[in-house]
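Computed from the coordinates by the stated procedures, all read-outs in this text should not be read as laboratory data. Remember, it's a predicted structure, so these values are computed and weren't measured experimentally. Methodologically, a virtual Cβ is constructed for each residue, glycine included, from the backbone with ideal geometry; neighbour enumeration extends over all protein chains shown.
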Amino acid sequence: MTMYRVLLERAAEKDLARLSSETHARVIAAIQALATNPRPPGCRKLAGSKHDWRIRVGDYRVRHRREVYR
């Protein structure tokens, strides 16, 4: 199985820091799971964007993009 490297933008890190510890842990677990499965069940493509996807974690949406460099 292919493993991907997950990188967070600085703005995302700041947003994560503002979450409660329980929510923070759930969101981080979902983000880390993207390393093995970039399109988990329930993942949806964002309208109007070619490369952006989202997953839901409780009341939050996590926006992500899979970019592969060779």
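Residues that are basic (K, R) and surrounded by 11 or more Cβ atoms within 10 Å (Cβ to Cβ): does region 13-26 have at least one? Checked against the condition, which is being basic (K, R) and surrounded by 11 or more Cβ atoms within 10 Å (Cβ to Cβ), region 13-26 yields at least one hit. Annotation note: Cβ proximity below 6 Å between a residue of region 24-53 that is farther than 19 Å from M1 by Cα and a residue that is of a type outside the set (G, A, S) and assigned to a loop (DSSP other than H, G, I, E, B) (sequence gap 6+ or interchain) occurs for D52/L46; W53/C43. Scan region 40-65 for residues that are in contact with a Lys or Arg (Cβ under 8 Å, 6 or more places away or on another chain), in a loop (DSSP other than H, G, I, E, B) and of a type outside the set (A, V, I, L, M, F, W, C) and the total you get is 3.
For R5, the criteria (1) within 16 Å of E67 (Cβ to Cβ); (2) surrounded by 10 or more Cβ atoms within 10 Å (Cβ to Cβ); (3) of a type outside the set (G, A, S) hold in every case but one, which is (2).
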